[in-house]
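Visitor: Before I ask anything, here is the structure I am working with.
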Amino acid sequence: MALRHAVLAALLDEELSGYQLAKAFDTGVANFWHALPQQLYAELAKLESDGLVSGREVVQDTRPNKRLFQVTEAGLAELDRFAASVNKPSFIRDDLLVKVQAADHVDTDELIAQLTERAAFAEAKIELFGGLLRRMRGDRSEEKFLRHGARIGPYLTCLRGLAFEQGNRDWCRRSAAILRERRTAHAQR
């Protein structure tokens, strides 16, 4: 997947400025694709040049003018082509896992601290995703929303982000607890 497809998907519901797109990435898209704001602005320019998004300038009295972007028919066709392409499996690439792999040879206290910090970060993301999910479904139950909601794609990706962060939190907590127990048992010998 390229950044272009994540940007196109983020623009499906409404016109967004580059700033709004960056905020959308921070809160929703970030659970499956990370991009820096400058990468998003550069990608918007490429997408517009390729005819996959169209931009329009909005004149503002009290602020600088802004550009709003929306997906074009060509952009929708590109997303359709991308959706039909074969997926490559995803792989975990995480510095913390390398550190845990070396747990028997590194400072356990530091590793426990990093695991605890990562668990807290995951907990914060879990809260964020929970709020996003509640906001998306409104007063409907999840079952009703999934059956009858207008657009469930963002909801489903948010569910995946939630499950991912719950898994991260649980693994970090368990790993830290195991390392603590081993440290205590080793000290008692």
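Visitor: Only one of (1) among the acidic types (Asp, Glu); (2) in contact with a helix residue (DSSP H, G or I) (Cβ under 9 Å, 6 or more places away or on another chain); (3) open to solvent by less than 90 Å² (accessible area, probe 1.4 Å) is not met by residue 13, so which one is it?
Guide: (3)
So that you can scan it fast, the table gives a plain yes or no per residue for (1) surrounded by 14 or more Cβ atoms within 10 Å (Cβ to Cβ); (2) more than 18 Å from the chain's Cα centre (by Cα); (3) outside any helix (DSSP H, G or I); (4) on the phi > 0 side of the Ramachandran plot:
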| residue | (1), (2), (3), (4) |
| --- | --- |
| 26 | no, no, no, no |
| 38 | no, no, no, no |
| 54 | yes, yes, yes, no |
| 63 | no, yes, yes, no |
| 78 | yes, yes, no, no |
| 86 | no, yes, yes, no |
| 92 | no, no, yes, no |
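Visitor: Right, residue 135: part of a helix (DSSP H, G or I) and loosely packed, with under 12 Cβ neighbours inside 10 Å or not?
Guide: yes
Visitor: Taking residue 104, is it within 22 Å of the chain's Cα centre (by Cα), charged (D, E, K, R) and open to solvent by 30 Å² or more (accessible area, probe 1.4 Å)?
Guide: no
Visitor: Would a scan of region 168-181 turn up a residue that is over 19 Å from residue 116 (Cβ atoms) and under 22 Å from the mean Cα position of the chain (by Cα)?
Guide: Checked against the condition, which is being over 19 Å from residue 116 (Cβ atoms) and under 22 Å from the mean Cα position of the chain (by Cα), region 168-181 yields no hits at all.
Visitor: Hey, another quick one. Of all residues in region 65-76, which are loosely packed, with under 15 Cβ neighbours inside 10 Å and aliphatic (A, V, I, L, M)?
Guide: 74, 76
Visitor: Based on this model, can you work out whether residue 122 counts as open to solvent by less than 70 Å² (accessible area, probe 1.4 Å), in a helix (DSSP H, G or I) and modelled with pLDDT of 90 or more?
Guide: yes
Visitor: Pairs only if they're at least six apart or on different chains, beta carbon under 9 angstrom, first in region 147-161 and free of Cβ contacts under 8 Å to residues at least 12 places away in the same chain, second open to solvent by 40 Å² or more (accessible area, probe 1.4 Å) and not aliphatic (A, V, I, L, M); list them, first residue then second.
Guide: 148/140
The values are calculated or read from the model by the stated rules, or taken from the named source; none is laboratory data. Fair warning: this is a prediction, and the values are worked out from it, not measured in the lab. Here the Cβ is made from the backbone with ideal geometry for all residues, glycine too, and neighbour counts use every protein chain on show. Note: accessible area is taken over every heavy atom of the protein model, side chains too, but ligands, DNA and RNA are not part of it. Shrake-Rupley method; radii C 1.70, N 1.55, O 1.52, S 1.80 Å.
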